[in-house]
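The values are calculated or read from the model by the stated rules, or taken from the named source; none is laboratory data. The model shown is predicted, which means the values in this text are computed figures rather than measured ones. Backbone-built Cβ (ideal geometry, glycine too); neighbour counts: all protein chains shown.
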Amino acid sequence: MNTSVDTPTRRPGVVSFIGIILYVQAFLAAIAAVSLLIWRNDILDFLNRQDSPLSNGAFTGTIVGEAIAAILLFVVANGIMRGSNGFRLLVAIVQGLSMASAVYILVAHHVGGYVYRGVFSLFVGVFVLWALYGNDESDRYFETNG
């Protein structure tokens, strides 16, 4: 008689690492949004003195964008930490797009800092994809918890 029950699998360290990084990014985006909001007038005055073409509306859009990014990053981090296959796929798609962008940067702008940014983005993308899909522990975790 088979008495095996689907019990939640312990979260692998690499998945926890990715989730924590996503939480940190969400926290930093929230700090950026609040900081931009608090020092809005000072920043706009400075940009005006520098003859920046950034308008008041565009600056407001930047603040809203940072706030939305913070919320989305927090939701995705929660999903990854809970073992959601949908959020796992979402992170993989975003990393795939980032890696495609990095390859384009390496091919089109193969000088100086562009090379370092492109190579770093590729390494990060490969690590994240491996962490989410390339090891058996992660597969078990997302299969049993998702």
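Quick check: anything in region 90-98 within 19 Å of Y23 (Cα to Cα) and touching a residue at least 60 places away in the same chain (Cβ under 8 Å)?
Looking for residues that are within 19 Å of Y23 (Cα to Cα) and touching a residue at least 60 places away in the same chain (Cβ under 8 Å), one finds at least one in region 90-98, hence yes.
Residues in region 96-105: is at least one out of contact with any Cys (no Cβ under 8 Å at 6 or more places or on another chain), buried (at least 16 other Cβ atoms within 10 Å of the Cβ) and not aliphatic (A, V, I, L, M)?
No: region 96-105 contains no residue that is out of contact with any Cys (no Cβ under 8 Å at 6 or more places or on another chain), buried (at least 16 other Cβ atoms within 10 Å of the Cβ) and not aliphatic (A, V, I, L, M).
Taking the condition over 19 Å from A33 (Cβ atoms) and over 11 Å from the mean Cα position of the chain (by Cα), does I68 pass?
Here the answer is no, as I68 does not meet what is asked.
Select, from Y116, Y133, the only residue that is surrounded by fewer than 19 Cβ atoms within 10 Å (Cβ to Cβ) and more than 19 Å from F17 (Cα to Cα).
Exactly one residue qualifies, and that residue is Y116.
Restricting attention to helices (runs of 4 or more DSSP H) lying wholly within region 1-111, give those where 3 or more residues are closer than 26 Å to F142 by Cβ and outside the structural domain of L122 (by TED's automatic domain parsing).
In region 1-111, the matching helices (runs of 4 or more DSSP H) lie at 13-38, 56-82.
Look at region 7-32 and say how many of its residues are modelled with pLDDT of 95 or more, farther than 17 Å from V128 by Cα and surrounded by fewer than 17 Cβ atoms within 10 Å (Cβ to Cβ).
3
Can you confirm whether F74 is surrounded by 15 or more Cβ atoms within 10 Å (Cβ to Cβ), farther than 25 Å from L22 by Cβ and either without any contact (Cβ under 8 Å) to a residue 12 or more places away in the chain or not aliphatic (A, V, I, L, M) (or both)?
No.
Listed here are the residues, each with its yes/no results for (1) at pLDDT 95 or above; (2) at positive phi.
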position: D51; (1), (2): no, yes
position: L54; (1), (2): no, no
position: L72; (1), (2): yes, no
position: N78; (1), (2): yes, no
position: A102; (1), (2): no, no
position: L106; (1), (2): no, no
position: Y116; (1), (2): no, no
position: S121; (1), (2): no, no
position: A131; (1), (2): no, no
